[in-house]
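Right, one structure below, let's go through it.
No value in this document is a laboratory result; all are computed from the given coordinates. Keep in mind the model is a prediction, meaning the values are calculated, not measured. All Cβ positions, glycine included, derive from the backbone under ideal geometry; neighbour counts span all protein chains shown.
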Amino acid sequence: MEISFKGKRALVTGGGRGIGKSIAEALLKCGAEVVVLEKIEEDLNKFKKEEPSIIPLQCDLTDWDATRKAVEGVGPIHMLVNSAGVAAITPFLDVTKSELDWVFSVNYQAIVNVSQVVVKGMVERGQGGAIVNISSMTTNVAFPEHTSYCSSKGAVDTLTRVMALELGPHQIRVNAIHPTIVMTDMGRRAWEDPNKHMKYLVRTPMGHFADPTDVADGTVFLLSDMAKMVSGTILHIDGGFTAN
């Protein structure tokens with residue numbers, strides 16, 4: 001069954017690179033009009049040159065009021081992907097309040113903020129909608145020196161379920177994705193050392209980590225009518241890691 005999003009507009013946060021960019025590209029291939037929200041102007045401009053049809057939206061998600069204003073200005077959104085995320089690698093005893101504020105601001109609070117604006121429009125139009133939050137398998141399997149990151153993604157999982165519960169009567173579906181280690185450019189740099197990644201790789205039944213397209217494919221499915229009765233769930237894209 002071919003998935004088509006023709007006539008629909010999607011918003012992808014953190015869509016200028018990595019997983020978010022792959023998701024935006026997949027949505028474009030399915031015929032959606034795609035708004036790409038990205039903080040880094042250089043990444044946004046590069047993507048615009050590659051895909052002139054995208055609607056670029058430069059925004060710093062840590063700025064609550066500016067973000068609301070920016071998202072309100074892009075018009076109706078039928079599908080939302082909250083993909084933007086940051087991580088800080090810090091031993092637990094060294095975690096600071098400023099680190100927690102920063103990580104939670106992007107990974108959790110921005111989802112609440114952007115989703116509130118988008119959902120308000122969905123409810124007013126009365127046509128339903130679909131939202132996917134990119135979480136992480138680290139909510140099930142703790143990574144050392146990831147206190148703020150793991151905690152923020154745990155909050156995303158709970159938020160996803162609450163949103164699904166409250167928004168279901170409006171025919172708005174909300175789901176989350178748990179990717180394993182993903183081989184983006186940043187991921188390769190972070191995990192290229194075999195001594196660092198092998199303990200996770202050997203626990204992966206499929207024997208390899210994920211590519212950004214793997215997450216994009218799962219996101220497209222959850223946004224599509226093929227998943228019209230799927231809401232409040234978490235899709236594991238981890239090669240079976242959390243099965244053992």
Practice task
Would you please classify the overall shape of the stretch 38-179 from the alpha carbon gyration tensor, given that a ≥ b ≥ c denote the square roots of the eigenvalues, rounded means a/c under 1.5, and beyond that prolate means a/b larger than b/c while oblate covers the rest?
Solution key: oblate
Fill in the blank from the handout: So, with points 7 Å from each Cα along the Cβ direction, the Leu100-Thr242 label distance in nm works out to 2.4 nm
Fill in the blank from the handout: Count of lysine pairs, the stretch 9-235, Cα-Cα under 21 Å, sep. 8 or more residues or interchain, comes to 17
Exercise for the section: Quick one: grab Rg to one decimal and Dmax as a whole number for the stretch 92-169, Cα atoms only, in Å. Expected result: 14.6, 48
Handout entry: Taking the chain and dividing mean pair separation by its residue count, relative contact order in percent (alpha carbons under 8 Å, at least six apart)
Key = 20 percent
Practice task
Express in nm, to one decimal, how much length is gained between Asp60 and Ile89 on full extension, taking 0.36 nm for each residue of separation and deducting their alpha carbon distance.
Solution key: 8.3 nm
Exercise for the section: Within the chain, what's the longest run with no trypsin sites (Lys or Arg not before Pro) in a DSSP loop and at most 16 other beta-carbon atoms within 10 Å? Give the range, please. Expected result: 7-202
Practice task
Quick one: order His170, His146, His208, His178 by neighbouring beta-carbon count within 10 Å, fewest to most.
Solution key: His208, His170, His146, His178
Fill in the blank from the handout: Taking a crude spin-label model, label points 7 Å out from Cα along the C-beta direction, the Thr158 to Arg68 distance in nm is 2.3 nm
Handout entry: Residues Val12, Val114, Val162 arranged by fewest to most Cβ contacts within 10 Å
Key = Val162, Val114, Val12
Practice task
Determine the shape class of the stretch 25-115: with a ≥ b ≥ c the square roots of the Cα gyration tensor eigenvalues, call it rounded for a/c under 1.5, and otherwise prolate if a/b is greater than b/c, oblate otherwise.
Solution key: prolate
Practice task
Compute from the Cα atoms of the chain the Rg and the Dmax, the latter being the longest Cα-Cα distance, and quote both in angstrom.
Solution key: 17.2, 52
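Using a Förster distance of 30 Å, how high is the FRET efficiency between Gln127 and Thr233, based on the Cβ-Cβ distance and rounded to 0.05?
Values: r = 22 Å, r/R0 = 0.73.
So, using R0 = 30 Å, E works out to roughly 0.85.
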Practice task
At 7 Å along the Cα-to-beta-carbon direction for both His170 and Met226, put a label point, then send me their distance in nm to one decimal.
Solution key: 2.7 nm
